[in-house]
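First comes the structure, then the notes that go with it.
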Amino acid sequence: MNLILFPDQQQIYHLVRGDHRYGHIRKILRARPGDTLRVGVVNGPVGEALLVSLDEEGLCLSVNWEGVSGVPLLRSPDPVVLLLGHPRPPVLKRLLRDLTTLGVGEIRVFSSALSETSYQTSSLWKNPEEHLVEGLSQGEQTALPKLSRFPSLEDALSQDNRSPVRGEGRFFGTLNPAGAISPQEFLARSEDVRDLRFCVGPERGLLPREEALLRDQGYRPMTLGPRKLRTETAAVLLAGLAGAATAGL
């Protein structure tokens with residue numbers, strides 16, 4: 001937790017024992033009264049907090065919101081979009097955190113023909129924001145990515161224009177190297193691409209008709225090598241490539 005985040009902006013915050021932020025400040029950071037900490041507001045500014053008091057029952061922070069810089073607060077005007085085949089809920093929890101840390105601006109989770117339909121009703125979806133906020137805190141960001149879920153890949157793709165606009169790059173991961181771009185080729189051409197969209201299938205993969213649907217929407221196949229990767233590995237790898245291509249998203 002590199003940035004202590006709050007849902008709204010205040011001058012004074014009181015955290016009680018049992019709040020995970022209290023535990024982090026006391027046990028991990030081992031802060032003492034008089035120490036300063038970096039704090040932020042979700043989708044808002046970053047400030048410097050003075051730890052006024054700390055005891056067994058709670059703590060008090062006094063925040064200066066003026067003149068604090070060094071942390072990017074806002075989404076890129078061309079956020080990276082990731083279409084993600086719904087993985088197992090424990091995997092999705094980690095991915096929401098890690099993709100947020102990597103700066104992905106929009107995450108669309110969809111059920112493919114080979115997805116387990118029960119995943120869509122997982123308890124994870126009662127409060128997915130907590131995993132996004134964890135990723136923001138790790139990456140010292142405050143701009144929450146847009147998260148949505150769809151019953152099918154077709155529904156997820158309905159959010160795109162029919163054809164890519166100039167400067168937009170659309171790619172999907174595939175094991176078939178025929179006609180696919182490699183990561184090296186992507187990075188070599190990335191200077192001309194600013195609006196990136198990637199699609200990663202679920203753990204059981206995409207059907208040929210789903211890949212055809214992606215091609216119809218202007219998505220190009222990208223091979224990530226001969227090894228069959230886990231969904232979370234492929235998604236993080238593509239997000240990392242996007243970061244390398246856009247100077248950290």
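In percent, how large is the relative contact order of the chain, given Cα pairs closer than 8 Å and 6 or more residues apart?
Details: 473 pairs, mean separation 52.0, N = 249.
Here the relative contact order equals 21 percent.
In summary, the convex hull built on the alpha carbon positions of the chain has an orientation-averaged projected area of 14.5 nm². Report summary: the helix-based calculation at 222 nm, which adds -39500 (n - 2.57) for every DSSP H run with n ≥ 4 and divides by the residues of the chain, gives -7500 deg cm²/dmol.
In which sequence would 52, 104, 41, 81 go, from the one with the fewest C-beta neighbours within 10 Å to the one with the most?
On the way: 52 14, 104 30, 41 18, 81 23.
Final ranking by Cβ density, sparse to dense: 52, 41, 81, 104.
If you take all other residues with their beta carbon under 10 Å from the beta carbon of residue 175, and give Lys and Arg +1 and Asp and Glu -1, the sum is +2. What is the helix-to-structure angle for 89-101, meaning the angle in degrees between its Cα long axis and the longest Cα principal axis of the chain, kept from 0 to 90 and rounded to the nearest 10? Taking Cα atoms only, the helix is inclined about 70 degrees.
A Gaussian network model of the chain, with springs between Cα atoms under 10 Å, assigns the largest mean-square fluctuation among 195, 160, 98 to 160.
For the pair residue 12 and residue 48, the difference between a 0.36 nm per residue extended length and the Cα-Cα distance amounts to 11.8 nm.
Nearest 0.05, what FRET efficiency do residue 154 and residue 36 give at R0 = 45 Å with Cβ-Cβ as r? Walk me through the numbers before you get to the answer.
Details: r = 50 Å, r/R0 = 1.12.
Efficiency, from the Cβ-Cβ distance: 0.35.
Considering all C-alpha pairs of segment 4-64, those separated by over 13 Å amount to 57%. Taking other C-beta atoms within 10 angstrom as a stand-in for reagent exposure, 131, 86 fall in the order 131, 86, fewest first.
Only the coordinates and a few stated rules stand behind these numbers; no lab work does. These numbers come from a predicted model, not from an experiment. Positions of Cβ are generated from backbone atoms using ideal geometry, with glycine treated the same way; all protein chains shown enter the neighbour counts.
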